Number of protein chains: 2
Amino acid sequence: MAKHTGLMTIGQVAQQVEVASSTLRFYEREGLIRPTKRSKAGYRLFDREALEQLRFIRAGQAIGFALNDIKALLLLDEETSCKRVQRLIEQRLVEIDAKLVNLKRLRSTLNDALGRCRKSKRGCAVVADLKGMSKKRKTLYS
Amino acid sequence: MAKHTGLMTIGQVAQQVEVASSTLRFYEREGLIRPTKRSKAGYRLFDREALEQLRFIRAGQAIGFALNDIKALLLLDEETSCKRVQRLIEQRLVEIDAKLVNLKRLRSTLNDALGRCRKSKRGCAVVADLKGMSKKRKTLYS
DNA sequence: TCTAACCTTTAAGTTAGGTTTATGGTACGC
DNA sequence: GCGTACCATAAACCTAACTTAAAGGTTAGA
């Protein structure tokens, strides 16, 4: 198959980047990747660059970008001014900071409750806490 | 309506706890709440306790519990041993700690990239970073 | 009595990021 | 030339937590 061109079938690509073939077809439908060409029989054939692109996509996901954002990043193509990229990143940083604050607060709330819960003979401190919590704060988590 | 019983219609409850009426019907279907009674015409009527219960639900959501977990907590009812609650909380704490670690790492990655991105005249440091990232780490984010 | 703002139900739609199923063609080793 | 593993497509399904739509009954106020 694909004798000596360096091209790979969907399954080979899938194995390399550790995603399901169905996911790759889904990415293609969403406009995130495109096979280099098709074989006579209609098989998708990808070159090594596709691997790079897919790793880029997975890395983008790993840092919390939605596929739509990643698509935008892919369309930029390195030359383009990175203003837009900067804005995307800055936005993510704001979100992340908010999450960090909320998670830390949440952590200590739960940890305190757990401490009291472990000590108490009857009744549950955590449940009691939850009952009172909504009065104090709007969101602890996002 | 509901002249001098202290009962409220779904819309009144919805307004008090700031959720949509449809959400309350959804919660009922899911077994999270139940109206005290129905009016002659079939209108749901709730007492003040329902407000408490709903605030409990929202507080639970705010700290990252799924509705199913919250349902379990509601069924416990304060008397019950809080072993199960403890396990739920401990589990959440583990998740939270993992998230904190990932978010912090992510924050500094993005922040570094952003700094370099702001300085560079051409090409985008962030995009370049993303291209290299997948080789270094599995997950930065959850 | 009319009308606007409620309320009821069942069923289907939404979002994101895929996965699964049904049906059928292709490639390769023995 | 057979079996098995792989590929193709379209369309349906999945989760969570809701929202929206369609069709119709109720209530309060002027």
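Is there a residue being in a helix (DSSP H, G or I), surrounded by fewer than 13 Cβ atoms within 10 Å (Cβ to Cβ) and more than 9 Å from chain B (Cβ to nearest Cβ) anywhere in region A:61-68? Talk me through it step by step, then tell me what you get.
Narrowing region A:61-68 to residues in a helix (DSSP H, G or I): A:61-62, A:67-68.
Add one more test, that the residue is surrounded by fewer than 13 Cβ atoms within 10 Å (Cβ to Cβ), and what stays is A:68.
From what is left, the residues that are more than 9 Å from chain B (Cβ to nearest Cβ) are A:68.
Scanning region A:61-68, I find at least one residue that is in a helix (DSSP H, G or I), surrounded by fewer than 13 Cβ atoms within 10 Å (Cβ to Cβ) and more than 9 Å from chain B (Cβ to nearest Cβ), so the answer is yes.
The single residue among B:LYS136, B:LYS131 that is out of contact with any helix residue (DSSP H, G or I) (no Cβ under 8 Å at 6 or more places or on another chain), surrounded by fewer than 20 Cβ atoms within 10 Å (Cβ to Cβ) and either facing chain A (nearest Cβ under 8 Å) or at pLDDT below 70 (or both) turns out to be B:LYS136.
Of all residues assigned to region A:8-16, none qualifies as being more than 11 Å from DNA strand D (Cβ to nearest atom) and closer than 17 Å to A:LEU74 by Cβ. Just checking, how many residues over region B:17-33 are away from chain A (no Cβ under 14 Å), assigned to a loop (DSSP other than H, G, I, E, B) and within 7 Å of DNA strand D (Cβ to nearest atom)? Going through region B:17-33 one residue at a time, the tally reaches 1. Checking each residue in region A:61-70 for being away from DNA strand D (no atom under 16 Å from the Cβ) and touching a residue at least 12 places away in the same chain (Cβ under 8 Å) picks out A:ILE63, A:GLY64, A:PHE65, A:ASP69, A:ILE70. Please work out which residue is surrounded by the most Cβ atoms within 10 Å (Cβ to Cβ), limiting yourself to region A:34-60 and to residues that are in a loop (DSSP other than H, G, I, E, B) and either of a type in the set (Phe, Trp, Tyr) or within 12 Å of DNA strand D (Cβ to nearest atom) (or both). Taking the candidates together, the pick is A:PRO35.
May I ask you to list the residues in region A:6-23 that are near DNA strand C (Cβ under 9 Å from one of its atoms) and over 19 Å from the mean Cα position of the chain (by Cα)? Result: A:THR9, single match.
The values are calculated or read from the model by the stated rules, or taken from the named source; none is laboratory data. Since this is a predicted model, take the numbers as computed values, not measurements. Glycine also receives a Cβ, built like all others from the backbone with ideal geometry; neighbour counts cover every protein chain displayed.
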